[in-house]
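Peer 1: Starting off with a structure, shown below.
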Amino acid sequence: MEKVNELQLPFNRGLNEEETRACRTSTVKTFFRKFWLPTLMLVPAGVFYMMFFVYPTLHSFYLSFNDWNILTGAISFEGLSNYKEVLSDPVFHQSVRNMIVYIIFTTIPLIALSLIIAILIENCGPAKGILRTAIYIPVIISMSVSGMMWQFILSPTTGIVNQVLSMFGVEPISWLTDTRTALGVIIVVGIWRGLGTNVVLFIAGLKGISKEQLEAAKIDGANRLQIFRYVTFPSISYVTSFVTITTIISCFQIFTTIQVMTMGGPNNATNMPVFQLWQEAFQFFDMGRATSISTMMFIAILILSMIIMRRMEKAND
Amino acid sequence: MNAVCRKKYFNSDRVIKITSFLIMAVFTLIMLVPVVFMVLYSFFPTADVNTVMEGANIFKSASLEGYRDVFRQTPFLKMAYNSLWLSVVQTLLQLIMAFFTAYAITRWKYPKRDLIFKFIIATMIIPTVAVMIPNYIIINKMGLVGNKWGVVLPFIASGYAIFLMRQFFKSMPESIVEAAMIDGCSEFQILFKIYLPMMLPAIAALTIILFVGHWNDYQWPLMVLSKPESMTLPLALVRFENEGIIEWMPTAAACVMTMLLPLILFLITQKAFVETFADSAVKG
């Protein structure tokens, strides 16, 4: 069999089966000969991802099926008992309930509000830059700083919120220790922080609306509401999907605010799976339960992201 | 938008501009209330904030006691140094890693290239908690718990940084690169002599974004660093408790000081900061 020239492809030469097989093996060599530099460049990232991402995730799955006693170091296989324990734990039920409430009541107002604010800012003329910067400031502030800040102003004795309320004759509410209001506080803080990012994204999206379409709609006599519904909103559909996905995903990851402000809340009123995970791992030292929570969350987010991505792809077609 | 009737001063466009501005101004002020009051709390003993509201005796009761307490009760300068060190080192390493990785993903076309990119995006979606506990175990085995390198190591490959770098590379014009290849430049020459200078402003914006993000990091440093001398500023804020009662003045003072650096950096670079972040997402 003649030596195969690396750049010749099977369909060029009418090779028989033997020679085709030889071509296939040499395409691997060809690949590396042509693409050795990108491969080399990807190796560090690959190593880090393997070591600190893939392996930990797999290790996490493994741990969730075992009971690991940190003190003695003994690992014993427990099968699904960790999952059964967690799934029947009322604290976990409360956590999941809280998280669902949080997601619904944060995402929807956040996106709507961000869009409205973005439109308002766009209509402001010269003050656009300052307003955009001001809205973005909460994002720059560390989560623990913002947690502390909100604790100050919500303080039942000296906080400004209660003082303003008392001017209207309302009694001071202990916002963070009342089971009815604690979750509401976390929601408000979440919206407060999330506005900056989303407003900025929407402003960028609004800038990309074609002027011709706007002019055409105005000439056709559309009023502002109609312009919004038929021109503006469809044009920013990509940004809207992006904002929705990122907001929902970041809702799953909320941790610092809870840890700094309520530590899970009065009677688990603000507990959430991510926080409970941390509690199980670093307060109760039960790695088995902690990793089973993290595995379940992982799967939940994965499924959710795939659903959302598929809907986004369909919408873009 | 052109005003249809230029004779009226208060035509509908102007009214909308003014109304929007007023609404936004009020809203923004309300949004910044926590920040403003935190700054106030750091200078005034808490009992007097009521009177500040009513506008009396503002400057008489101002004191720097809060700030003094911060330096007395905690190794604040050491912690600030830790924050600085971590921010700089993490940003630098992530930039370098992202630079080469993103280049490898954009410059050449090869099978599975897009798959690799999708994998990197997927890593951004996974909640960091799922990875944090096993990472803690690994760092523990390496003996890096309590060590600053333990904080840095697992997250050098940052999906966010790689994603943005890729957007930057993609926005570069192909023509210059082709001209360079015709002139016989080597791959590394192309990378460093052509791409890098053109991307410098964007990379600068990304640097600031990453720096601020790392300065404010809480969750992972919380797990790795437990000794006060090795803590970062955001971690230190929750430590001013005296038998369960939080001392507001030093806490507020510490908050203000922690917030100062990212705020200043942000205000200086606002336009670049915001636009880099937004444009890459919108064009994505």
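The values are calculated or read from the model by the stated rules, or taken from the named source; none is laboratory data. All values derive from a computational prediction rather than experimental measurement. Using ideal geometry, Cβ is built from the backbone for each residue, glycine included, and neighbour counts are taken over all protein chains shown. Only protein heavy atoms, including side chains, enter the accessible area calculation; ligands, DNA and RNA are left aside. Shrake-Rupley method; radii C 1.70, N 1.55, O 1.52, S 1.80 Å.
Peer 1: Using the Cα centre of the stretch A:24-163 as the reference point, and only Cβ charges (+1 on K/R, -1 on D/E), how large is the resulting charge dipole? Debye, rounded to the nearest 20.
Peer 2: About 860 debye.
Peer 1: Here's a follow-up. Label the protein assembly as shown by shape, choosing from rounded, prolate and oblate, from the square roots a ≥ b ≥ c of the eigenvalues of the Cα gyration tensor; if a/c is under 1.5 it is rounded, and otherwise prolate applies when a/b is larger than b/c, oblate when it is not.
Peer 2: Details: a/c = 1.79, a/b = 1.24, b/c = 1.44.
Taking the square roots of the gyration eigenvalues as a ≥ b ≥ c, the protein assembly as shown is oblate.
Peer 1: Okay, next question. Just reorder A:50, B:257 by solvent-accessible area, largest first, 1.4 Å probe, all chains present. Walk me through the intermediate numbers first.
Peer 2: On the way: A:50 110, B:257 45 Å².
Reading off the accessible areas and sorting them downward yields A:50, B:257.
Peer 1: For the stretch A:176-317, just say rounded, prolate or oblate: build the C-alpha gyration tensor, square-root its eigenvalues into a ≥ b ≥ c, call rounded for a/c under 1.5, and beyond that prolate if a/b exceeds b/c, oblate if not. Don't jump to the answer; show the numbers that get you there.
Peer 2: Working: a/c = 3.93, a/b = 2.12, b/c = 1.86.
The shape class here is prolate.
Peer 1: What shape does the stretch A:75-114 have by the C-alpha gyration tensor, where a ≥ b ≥ c are the square roots of the eigenvalues, rounded means a/c under 1.5, and otherwise prolate means a/b greater than b/c and oblate the rest? Please list the in-between numbers first.
Peer 2: Numbers: a/c = 6.31, a/b = 3.23, b/c = 1.95.
Prolate shape, in that a/c is at least 1.5 and a/b is the bigger ratio.
Peer 1: Oh, and also: Just how large is the dipole of chain B about the Cα centre, in debye to the nearest 20, putting +1 at every Lys and Arg Cβ and -1 at every Asp and Glu Cβ? Working shown, then result.
Peer 2: Details: 23 positive and 17 negative charges, 163 e Å.
Magnitude of the dipole: close to 780 debye.
Peer 1: Relative contact order for chain A: what percent, with Cα pairs under 8 Å and sequence separation of 6 or more? Could you put the intermediate results ahead of the total?
Peer 2: Numbers: 306 pairs, mean separation 79.3, N = 317.
Answer for chain A is 25 percent.
Peer 1: How far, in nm, would the chain grow between residue A:302 and residue A:108 when pulled straight, counting 0.36 nm per residue and subtracting the alpha carbon separation? All intermediate terms of the calculation are to be shown ahead of the outcome.
Peer 2: Details: separation 194, 0.36 × 194 = 69.84 nm, distance 2.08 nm.
Extending this stretch completely gives an extra 67.8 nm.
Peer 1: Using 7 Å Cα-to-Cβ label points, what is the residue A:91/residue B:227 separation (nm, one decimal)?
Peer 2: Rounded to a tenth, the inter-label distance reads 3.0 nm.
Peer 1: Any chance you could look up the accessible area of residue B:271 with a 1.4 Å probe, heavy atoms only, rounded to 10 Å²?
Peer 2: It works out to around 130 Å².
Peer 1: Between the stretch A:200-216 and the stretch A:97-117, what's the alpha-carbon centroid distance in Å?
Peer 2: That distance is 24 Å.
Peer 1: Quick one: how many Å² of residue A:228 are accessible to a 1.4 Å probe, rounded to 10?
Peer 2: Ignoring ligands and nucleic acids, residue A:228 comes out at about 70 Å².
Peer 1: So what is the relative contact order for chain B, in percent, with contacts set as C-alpha pairs under 8 Å and at least six apart?
Peer 2: Details: 233 pairs, mean separation 86.3, N = 284.
Dividing the mean separation by the residue count of chain B yields 30 percent.
Peer 1: If you don't mind, there's one more thing I want to ask. Pick out which of A:43, A:200, A:185 has the largest mean-square fluctuation in a Gaussian network model of chain A, springs linking Cα atoms closer than 10 Å.
Peer 2: Result for chain A, Cα springs under 10 Å: A:43 fluctuates most.
Peer 1: Assign unit charges at the C-beta atoms only (+1 for Lys and Arg, -1 for Asp and Glu), then state the dipole size of the stretch B:156-275 relative to its Cα centre in Debye, rounded to the nearest 20. Provide the component values of the computation, followed by the final result.
Peer 2: On the way: 6 positive and 10 negative charges, 19 e Å.
So the dipole magnitude of the stretch B:156-275 works out to roughly 100 debye.
Peer 1: Within chain A, count lysine pairs with alpha carbon atoms under 26 angstrom apart where the residues are 8 or more positions apart or belong to different chains. Walk me through the numbers on the way to the answer.
Peer 2: Numbers: A:3/A:29; A:3/A:34; A:128/A:207; A:128/A:211; A:128/A:218; A:207/A:218; A:207/A:314.
Taking the Cα cut-off of 26 Å, the pair count is 7.
Peer 1: Just tell me, in residue order, which DSSP H segments of chain B are both 15 angstrom or longer along the helix axis (alpha-carbon based) and at least 0.5 in mean Kyte-Doolittle hydropathy. Write out the running numbers ahead of the final one.
Peer 2: On the way: long enough: B:12-31 (28 Å, 1.51); B:33-43 (16 Å, 2.22); B:76-106 (44 Å, 1.23); B:113-125 (19 Å, 1.42); B:128-141 (19 Å, 1.11); B:159-170 (16 Å, 0.57); B:196-215 (27 Å, 1.82); B:248-283 (45 Å, 1.17).
The qualifying helices are B:12-31, B:33-43, B:76-106, B:113-125, B:128-141, B:159-170, B:196-215, B:248-283.
Peer 1: Once ligands and nucleic acids are excluded and a 1.4 Å probe is used, how much of residue A:96 is accessible, expressed in Å² to the nearest 10?
Peer 2: The value for residue A:96 is about 50 Å².
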